[in-house]
Structure formats: structure tokens, C-alpha cells
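Here the structure is laid out as C-alpha cells; the discussion comes afterwards.
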Amino acid sequence: MSKKFARITSPLGTAVYPRLNAPDTKFDADGVYSVELELNPKDKTAAAFIADLTKAADTAYAETCKEKGGKKLKRSGLPIKETDDSLIRIKFKLKAKAGNAEKSWAQKPVLFDAQGTALETAPNIGSGSQIKVAFEVVPYFTAMVGAGISLRMKAVQI
């Protein structure tokens, strides 16, 4: 039985350290696609987006506590960090290979241009590109880190 995850699209922001054309294999041999989205927290749409992420994290935490017998659990932080110049960076990731030992499959984020047309051959996307990210909010729990959410990238509009 597969779980349904909340799907959200980010506001327009600046890509930082994008790995969207090819997966990064430095720490994971299977590869990981990733990007950090830089937003200005003073922007109203960015502030509303961060509030939505916080609400999704609170909901996921409450559901995890309920699944674990109703007790309070350790809580992990959001995949958001503040930069030195008072901007917010939100981290999105997608494993290039998903599944388990019995069944696995390759996956990558779908890339779109500004008009919403899927790109057959994507240009090399670098830091500074203006993007929107469509993603799933995926709750997790480990005893060491606690309960939290990760943001699983599904598509990127350049």
C-alpha cells in the first residue's frame, strides 16, 4: 500500500548548487538530484510558503506521534536554513534510484521551461537560475534524529 504525500509548488526563487541535469554521486553511489532554493523571507509569497511548510511539518509530527502510541517524540528541524545575508534556503532532494533490493527503478525530476513545456534536452542549470520546484512533503522518523519532513523534488520549472 503506497502512502499519499502532500504535493506543493514553491514560489519563484534562485537555484543554489543545483544538481538537476545529472545526479551527484559523491556520497551515494546511486546518485541524488538536489537543489537549494533561495528566497527572501520578506516577500509575502515566500513567507506564506514557509508557513505552509511549517504547517505540513506540524501535521506530519502529530501523525507520527499518533502512530508511535501517542507519546511526544524528538523533533527534527525543517530542511530550511538562513544565510548570512538574511535569505532563506530550502533543500530539495530526489534519489536517482528508488525502491528496495527486490524492486528498484530510476527516477529524475521532470524539467520544464518558463511556458510549462517539458524539456527533452535540458540546458545546463547553474546557480543563479530562477526556478520553481514541485515537490512532495515526506514525513520520516528515526530514533536518533527524530520526526521530521524531507522535501522530495518531482519537477522543476526553469
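The values are calculated or read from the model by the stated rules, or taken from the named source; none is laboratory data. Keep in mind the model is a prediction, meaning the values are calculated, not measured. FYI the Cβ positions are ideal-geometry reconstructions off the backbone, even for glycines, and counts take in every protein chain you see. Just the protein is used for accessible areas: all its heavy atoms, side chains included, with ligands, DNA and RNA removed. Shrake-Rupley method; radii C 1.70, N 1.55, O 1.52, S 1.80 Å.
Worth pointing out:
- Beta carbons closer than 7 Å, at least 6 apart along the sequence or on distinct chains, pair a first residue in segment 76-102 that is without any contact (Cβ under 8 Å) to a residue 24 or more places away in the chain with a second that is surrounded by fewer than 18 Cβ atoms within 10 Å (Cβ to Cβ) and among the small types (Gly, Ala, Ser) for 98/104.
- Residue tally, condition β-branched (Val, Ile, Thr) and either open to solvent by less than 10 Å² (accessible area, probe 1.4 Å) or part of a strand (DSSP E or B) (or both), over segment 35-54: 1
- Single unsatisfied condition, residue 21 versus (1) in contact (Cβ under 8 Å) with a residue 40 or more places away in the chain; (2) buried (at least 18 other Cβ atoms within 10 Å of the Cβ): (2)
- Candidates are the residues of segment 129-149 that are among the hydroxyl-bearing types (Ser, Thr, Tyr) and touching a strand residue (DSSP E or B) at 6+ places or on another chain (Cβ under 7 Å); the one that is least open to solvent (accessible area, probe 1.4 Å) is 129.
- Residue 87 being aliphatic (A, V, I, L, M), open to solvent by less than 60 Å² (accessible area, probe 1.4 Å) and farther than 21 Å from residue 22 by Cβ: yes
- Hits in segment 105-122 (condition: open to solvent by 60 Å² or more (accessible area, probe 1.4 Å), farther than 27 Å from residue 50 by Cβ and modelled with pLDDT of 90 or more): 105, 106, 115, 117
- Close pairs from segment 120-140: first more than 21 Å from residue 38 (Cα to Cα), partner open to solvent by 70 Å² or more (accessible area, probe 1.4 Å), Cβ under 8 Å, at least 6 apart: 139/63
- Number of positions in segment 124-140 that are under 18 Å from residue 12 (Cβ atoms) and in a loop (DSSP other than H, G, I, E, B): 5
- Any hit, segment 63-82, residues being surrounded by 14 or more Cβ atoms within 10 Å (Cβ to Cβ), assigned to a helix (DSSP H, G or I) and in contact with a Ser or Thr (Cβ under 8 Å, 6 or more places away or on another chain): no
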